[in-house]
Amino acid sequence: MRIIAGSKRGARIAAPKGLATRPTGDRVREAAFNLIGPVDGATVLDLFAGSGAFGLEALSRGAASATFIETDRGACRTISENLEKLQLTGARVVCADALWTLRQEKRSYDVVLVDPPYEQWGELESRLGAYLLRVLAPEGLLVVETSSRTEPALPLAFRTSRRYGSARLTLFEHPS
């Protein structure tokens, strides 16, 4: 995997070993950032971060900060190693359950990236809804990656949904 654009364009990034994480492919990440638009100065939350590819891409493209939330300790180490290798600043890696962390979170974010294991979306969708509304800044954008067969429904304003191979990207805005 590589960083697609920005200050670290072309840099290789590591993915956690094993099958526990499914890194977002370069093509899907590029499509996501084409839909998101510029992230200069943005605060980013990368939930179910896995390799951290989404958040790393945002930092490379000029985001002011990125918070990575991931439960798997090996994946958290990989994110930290990628940050160190790329010499990206403004990052915080939280190795904890996403729902538990969202309940504690007091900040709001300009861009929230949600990429849980595809098979868990059904059980997570309703539980995530209330928390995502609270952590998304009023002018913020939420990007959800799911299986191409899944169409997320959250208590946010729907913006667009696009399929890319076996993945679907759905964008939501704050309803205010």
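Computed from the coordinates by the stated procedures, all read-outs in this text should not be read as laboratory data. Not measured: the values here are computed from a predicted model. Because the Cβ atoms are built from the backbone with ideal geometry, glycine has one as well, and the counts that use them run over all protein chains shown.
Computed from the C-beta positions of ARG127 and ALA14 and an R0 of 30 Å, the FRET efficiency is 0.50 to the nearest 0.05. Can you list the aspartates and glutamates whose alpha carbon sits under 14 Å from that of LYS85, skipping same-chain ones fewer than 8 residues off? Cross-link targets: GLU57.
Diffusion coefficient (Stokes-Einstein, Kirkwood radius over C-alpha pairs, 10 °C, 1.306 mPa s) for the stretch 26-173: 105 µm²/s, rounded to a whole number. Rounded to the nearest 5, what % of the DSSP beta bridges within the chain are antiparallel ones? Bridges in the chain that DSSP calls antiparallel: roughly 45 percent. Here the stretch 104-176 carries DSSP beta bridges of which approximately 75% are antiparallel, counting only pairs with both residues inside.
Loop-located trypsin sites (Lys or Arg not before Pro) in the stretch 102-176 (DSSP state other than H, G, I, E, B) with a sparse environment of at most 11 neighbouring Cβ atoms within 10 Å: LYS106, ARG107, ARG149. Note on ALA137 and ARG92: the extension gain reaches 14.4 nm, defined as 0.36 nm multiplied by sequence separation minus the Cα-Cα distance. Between ARG2 and ALA157, the modelled labels are 3.7 nm apart [label points 7 Å from Cα along Cα→Cβ]. For the stretch 58-67, putting each phi into the Karplus relation 6.51 cos²θ - 1.76 cosθ + 1.60 with θ = phi - 60° gives couplings of 4, 4, 4, 8, x, 4, 6, 7, 9, 10 Hz, in residue order, rounded to whole numbers and with x for Gly and Pro.
Applying the criteria of a DSSP loop state and at most 13 other Cβ atoms within 10 Å to the trypsin sites (Lys or Arg not before Pro) of the stretch 1-98 yields ARG9, LYS17.
Averaging the sequence gap over all C-alpha pairs within less than 8 Å and six or more residues apart, then dividing by the number of residues, gives the chain a relative contact order of 18 percent.
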